[in-house]
Amino acid sequence: WSRVILSGGRHCHQCLQVREHLKKDVAEMKSHLPGFRPGLVVLQVGDREDSNLYISMKLKAAADIGIDANHIRLPKTATEDEVLWNIEAVNDNPAVHGLIVQLPLDSINQIDTEKVTNAVSPDKDVDGLSSINAGKLARGDLRSCFIPCTPNGCMELIKQTGVSVSGKNVVVIGRSKIVGAPMHDLLLWNHATVTSCHSKTLDLAAQVGRADILVVGAGKAELVKGEWVKKGAVVIDCGINHIPDSSKPAGKRVVGDVHYLSAKERAGYITPVPGGVGPMTVVMLMENTVKSAKRFLQMYKPGKWNISYRKLKPLKPQPSDVQISCSYPRNPIGQLAKEVGLLSKEVEPYGRTRLKVRVEVLKRLDKQPNGKYVLVTGITPTPLGEGQSTITLGLAQALGAHLNINAFASIQQPSPLSSFGIKGCAVGGGYSQIIPMEEVSLQPSGDSEAVSAASSLLVDTIIAYCHYQTKYSDKVLFDLLVPFRDGHQYFSPSQLNRLQKLGIEKSDPLTLTEQEIRRFIRLDINPDARTVCISTKVIIVVMPFIDFASLKNEIMAILSLSSSAEDLQNRLAKVVVAISRYEELITTEDLVSVCDVKMFVCLKPNVCLYGTPVFVHTSPSADIAYGNASVVADKIALKLVGPQGFVVTETLHSADADMEKFFNIKCRSSGLQPDVVVLVATVRALKMHGGGPGITAGFPLPKQYSEENLKLLEKGCAHLKGQVEKARTYGLPVVVAVNTFSSDTKAELELVCSQARQAGVFDAVLCTNWSDGGAGALALAQAVQKAAELPSQFHYLYELELPVIKKIQKVAQNIYGVKDVELSPKAKEKLAFYMKQGFGNFPVCIMKTQSSLGNDPEKKIVPTDFTLPIIDVQVFVGAGILSLLTVTVSFHLLHGLFYLIISKIYFEWKLRTNLN
């Protein structure tokens with residue numbers, strides 16, 4: 001035999017082979033997914049010299065292979081909680097595939113090393129030190145675990161010798177969790193006969209002398225003597241020790257656990273120290289990192305979720321919606337968030353069945369292409385509703401659970417009025433509903449409450465201004481608004497903005513003149529107010545220029561239209577809350593209000609579950625804005641589903657009432673462009689529009705709706721054609737979804753589909769998802785998928801630069817089919833005032849009845865040649881909307897009356913309580 005030195009250094013043939021192989025693997029991953037790189041993080045506590053050396057070797061090797069390696073160094077003062085927090089953050093980062101905790105942890109605080117190593121996710125534990133990976137190795141599950149790098153490197157060095165491990169007598173000296181114990185298990189499952197020795201082993205020399213292969217990791221300098229070694233044995237020395245040596249500059253030198261000079265005279269193969277096992281260990285670390293990245297790519301396919309859908313088994317006869325909701329098996333909401341690509345730091349639990357998603361996720365997914373954007377709207381419904389939300393959720397179910405496409409639904413938060421209305425809970429129904437239905441419908445998510453609180457704060461601030469501006473001098477008010485802190489006065493950012501608005505280019509409060517101080521603090525709000533007595537002892541003050549319901553509706557609309565915290569803050573600052581004596585508009589920024597603080601938490605959309613994920617966020621009034629989910633919910637969903645996925649959202653009311661607002665208001669604000677319009681229709685509603693008798697909620701349906709009547713239905717299809725024509729105005733393909741009922745006949749359903757196709761729709765399909773779940777909307781999903789492949793020709797109905805009256809005419813003539821519009825003297829006067837203020841470039845929002853195509857809710861036939869009266873105009877500057885009222889009573893006024901009644905009940909109860 002002849003002695004061979006086994007080197008793991010830079011010139012090691014085996015090391016070079018492994019490195020080149022890893023480089024090719026990384027290049028191949030990049031070719032399949034451009035921009036992708038395996039990620040490695042080394043976490044260090046303290047600043048040990050030896051640890052710094054090892055880390056630099058690892059970082060250099062990673063860079064050479066093409067791994068994106070990062071070094072996190074915590075100070076010696078780091079606590080155990082800080083270390084665990086950093087590990088959790090790395091565990092949750094999908095760009096990192098390997099995490100090494102550099103040992104020992106050099107901290108002045110006590111840290112449980114076992115707890116720290118086990119905190120590393122087993123999927124990223126490329127050191128193989130966690131209990132899970134160690135347990136898999138001990139049980140022989142070598143394919144699904146990470147093998148610790150030093151034992152793995154030892155195996156590679158043994159392979160270099162050409163000596164087969166199988167059947168050999170192998171002695172392992174040491175039982176550490178890093179080397180000895182896993183080395184024993186690895187050799188055992190490679191069919192060696194393994195003897196483990198340690199500090200308590202008797203007659204160690206005799207044990208060593210029987211070894212064909214000797215692996216030493218005892219941590220004791222030159223423990224094994226050369227004369228102990230069997231002639232021709234393979235000796236792998238894993239030890240790193242320092243012994244005094246006056247000939248060295250540092251006064252010490254590095255040696256292994258084996259006396260190298262004597263052992264190399266007897267060994268057939270031996271590793272030197274340094275330069276033997278150490279460099280190969282680093283290579284094995286790189287191999288584990290690349291292996292982890294491969295596993296990640298096997299699980300993660302770009303634009304493809306690894307989501308588990310529950311198999312739905314509809315029952316006959318069908319249970320109630322509540323029974324279905326309670327019986328449906330629910331996956332943990334946290335698991336759903338992980339499956340759709342959300343990180344734990346990006347979500348906040350909200351109860352057991354809901355999560356709030358942080359807007360910061362948009363920054364992480366900024367470069368991710370958007371998915372397909374589908375709008376579900378409907379024909380003008382009966383008072384009973386036509387299942388628009390049910391179709392929305394059923395379509396997302398079919399896309400996700402049946403076509404295996406990433407799909408998200410996005411709907412607005414149900415209001416208490418809708419939840420207790422005749423149409424149901426506004427979260428779908430049957431086997432296409434959000435679960436748990438009762439929680440989503442009846443337990444608020446905090447959005448509406450925060451909007452109400454912000455509105456109340458603004459009203460209270462206005463009242464306070466009106467009161468104190470007549471009580472105190474300019475100096476006192478100035479010191480109250482700009483208080484002394486540590487002997488100095490400072491303007492807040494909003495106050496600086498007000499100064500700039502006034503043309504005062506100063507930032508030091510002490511430099512303002514008396515005139516400038518007066519202009520700054522005196523808003524000159526008109527103090528005239530009317531009082532409403534709602535009980536014998538309680539009086540509510542209401543400003544004549546603002547009402548609580550309008551303010552609340554605008555803030556909700558702002559929340560819904562905002563794309564970021566900055567956008568929300570800017571919009572809230574522009575809300576007009578009062579008018580001065582000089583007819584100047586006073587905004588929340590002038591009031592130095594902090595209502596935006598209350599609203600930031602509401603910018604996080606809520607994720608719920610119904611088999612397919614759904615965002616439920618905000619409830620803007622369809623009267624002053626658009627009845628739809630928030631912009632931020634749609635944006636996050638479009639990023640999460642990826643370029644091949646679908647986001648399905650809906651309008652609150654029919655196509656003529658809300659679709660136009662969705663396109664011209666919401667899409668302008670978000671910059672998003674929809675791909676397909678789904679128009680929901682029912683036989684029942686079309687019969688009503690064909691001249692059928694009126695439908696009254698709570699009373700039996702007239703027989704015309706339960707019996708076949710093709711003549712009545714065909715006449716009503718004129719309404720369907722009118723709605724299709726309006727939807728096609730925007731250049732989008734339209735798919736008609738006929739929501740079927742048990743009373744519908746085959747001939748009636750065929751007639752509706754035929755009439756729809758004659759109107760030029762892309763396709764018309766039947767939907768039974770209320771009773772069959774996603775399977776009942778499968779044909780709709782397939783039609784939508786094909787329609788979304790068409791080239792986009794989306795365009796707005798009008799340009800913002802057009803004169804306001806032209807924009808109104810565009811909407812009225814193209815959507816409502818009117819001959820002309822007529823503005824009342826009051827509307828003309830207010831419109832002229834708003835245009836003078838610079839609001840002429842806002843999109844218009846016509847507040848018209850949603851109960852018919854025309855202005856008369858009782859006339860169901862398609863109207864022609866009529867004039868649309870505009871009786872009032874109101875501007876919502878923060879939302880960026882110019883609202884036009886066409887009826888004598890608007891919904892937001894009714895809402896105001898509702899809140900007034902509630903307030904009356906509350907104050908009278910409070911009064912009685914106080915008296916008692």
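The values are calculated or read from the model by the stated rules, or taken from the named source; none is laboratory data. Note that the structure is a prediction, hence the values are computed from the model and not measured. Cβ sites come from the backbone with ideal geometry, for glycine too, and all protein chains shown count toward neighbours.
Restricting to the stretch 492-527, give me the number of residues that are surrounded by fewer than 15 Cβ atoms within 10 Å (Cβ to Cβ), part of a helix (DSSP H, G or I) and within 42 Å of the chain's Cα centre (by Cα). Qualifying residue count, the stretch 492-527: 4. Counted as qualifying within the stretch 196-255 are the strands (runs of 3 or more DSSP E) with 3 or more residues that are in contact with a Gly (Cβ under 8 Å, 6 or more places away or on another chain), namely 234-237. Selection of the stretch 687-723 for residues being on the phi > 0 side of the Ramachandran plot and charged (D, E, K, R) yields an empty set.
Given the options Phe794, Phe839, Phe876, name the one that is at pLDDT 90 or above, of a type outside the set (A, V, I, L, M) and buried (at least 17 other Cβ atoms within 10 Å of the Cβ). Write out each step before concluding.
On the way: Phe794 fails: buried (at least 17 other Cβ atoms within 10 Å of the Cβ); Phe876 fails: at pLDDT 90 or above.
Of the residues listed, the single one that is at pLDDT 90 or above, of a type outside the set (A, V, I, L, M) and buried (at least 17 other Cβ atoms within 10 Å of the Cβ) is Phe839.
Looking only at residues of the stretch 13-39 that are at pLDDT below 85 and more than 16 Å from Leu285 (Cα to Cα), we find that the one that is surrounded by the most Cβ atoms within 10 Å (Cβ to Cβ) is Leu33.
In the stretch 777-799, the residues that are more than 12 Å from Cys767 (Cβ to Cβ) reach residues that are among the polar types (S, T, N, Q) and not in a loop (DSSP other than H, G, I, E, B) with C-beta atoms within less than 6 angstrom, at least six apart or across chains, in these pairs: Tyr796/Asn664; Leu797/Asn664. Say whether the condition of being in the same structural domain as Gly429 (by TED's automatic domain parsing) and part of a helix (DSSP H, G or I) is met by at least one residue in the stretch 373-387. Checked the stretch 373-387: no residue is in the same structural domain as Gly429 (by TED's automatic domain parsing) and part of a helix (DSSP H, G or I).
Go through the stretch 340-365 and give me each residue that's exposed (fewer than 15 other Cβ atoms within 10 Å of the Cβ) and either within 12 Å of the chain's Cα centre (by Cα) or not in a loop (DSSP other than H, G, I, E, B) (or both). Working first, answer last.
If we filter the stretch 340-365 for residues that are exposed (fewer than 15 other Cβ atoms within 10 Å of the Cβ), which is where we start, we get 344-345, 348-349, 351-352, 360, 363.
Within the stretch 340-365, Ser344, Lys345, Glu348, Pro349, Glu360, Lys363 qualify.
Could you say whether any residue in the stretch 642-653 is under 23 Å from Ala777 (Cα atoms), in a helix (DSSP H, G or I) and at pLDDT 90 or above? Can you show your working first?
Looking only at the stretch 642-653, we keep the residues that are under 23 Å from Ala777 (Cα atoms), and these are 642-653.
Remaining after also requiring in a helix (DSSP H, G or I): none.
The answer is no; no qualifying residue exists.
Is it fair to say Lys115 is touching a helix residue (DSSP H, G or I) at 6+ places or on another chain (Cβ under 9 Å), basic (Lys, Arg) and loosely packed, with under 15 Cβ neighbours inside 10 Å? Answer is yes for this residue. Restricting attention to the stretch 707-735, the residues being part of a loop (DSSP other than H, G, I, E, B) and either acidic (Asp, Glu) or within 20 Å of Cys767 (Cβ to Cβ) (or both) number 4.
The helices (runs of 4 or more DSSP H) found wholly in the stretch 7-107 and carrying at least 2 residues that are closer than 30 Å to Ala250 by Cα occupy 49-65.
Condition first: surrounded by 12 or more Cβ atoms within 10 Å (Cβ to Cβ) and aromatic (Phe, Trp, Tyr). Now tell me which residues in the stretch 463-489 satisfy that. Passing the criteria: Tyr465, Tyr468, Tyr472, Phe478. The residues of the stretch 666-682 that are surrounded by fewer than 24 Cβ atoms within 10 Å (Cβ to Cβ) and part of a helix (DSSP H, G or I), listed by number, are Cys667, Arg668, Ser669, Ser670.
Conditions tested, residue by residue: (1) under 30 Å from Arg19 (Cβ atoms); (2) in the same structural domain as Asp772 (by TED's automatic domain parsing); (3) surrounded by fewer than 22 Cβ atoms within 10 Å (Cβ to Cβ); (4) not aliphatic (A, V, I, L, M).
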residue: Ser262; (1), (2), (3), (4): no, no, yes, yes
residue: Leu297; (1), (2), (3), (4): yes, no, yes, no
residue: Lys313; (1), (2), (3), (4): no, no, yes, yes
residue: Pro317; (1), (2), (3), (4): no, no, yes, yes
residue: Ile324; (1), (2), (3), (4): no, no, yes, no
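Criterion applied to Ala426, Ala409, Ala450 was being outside any helix (DSSP H, G or I), at pLDDT below 90 and either within 23 Å of the chain's Cα centre (by Cα) or under 26 Å from Cys667 (Cβ atoms) (or both), and the one residue passing it is Ala426.
Taking the stretch 168-183 as the range and being surrounded by fewer than 21 Cβ atoms within 10 Å (Cβ to Cβ) and either without any contact (Cβ under 8 Å) to a residue 40 or more places away in the chain or not in a loop (DSSP other than H, G, I, E, B) (or both) as the test, the residues that pass are Asn169, Arg175, Ala181. Look at the stretch 350-366: where a residue is in contact (Cβ under 8 Å) with a residue 60 or more places away in the chain and outside the structural domain of Asn93 (by TED's automatic domain parsing) and a partner is among the polar types (S, T, N, Q) and surrounded by fewer than 20 Cβ atoms within 10 Å (Cβ to Cβ), sitting 6+ places away or on another chain with Cβ atoms under 7 Å, you get Val359/Ser564. Taken residue by residue, the stretch 148-167 has no member that is in a helix (DSSP H, G or I), in contact (Cβ under 8 Å) with a residue 24 or more places away in the chain and farther than 20 Å from Val277 by Cβ. Just to be sure, is Asp634 of a type in the set (D, E, K, R), in a helix (DSSP H, G or I), in the same structural domain as Val376 (by TED's automatic domain parsing) and farther than 29 Å from Cys717 by Cα? In short, yes. Of the residues in the stretch 810-824, at least one is in a helix (DSSP H, G or I), without any contact (Cβ under 8 Å) to a residue 40 or more places away in the chain and either charged (D, E, K, R) or not assigned by TED's automatic domain parsing to the domain that holds Val724 (or both).
Among the residues making up the stretch 108-147, those that are part of a helix (DSSP H, G or I) and under 30 Å from Pro75 (Cα atoms) are Thr113, Glu114, Lys115, Val116, Thr117, Asn118, Ala119, Ser131, Ile132, Asn133, Ala134.
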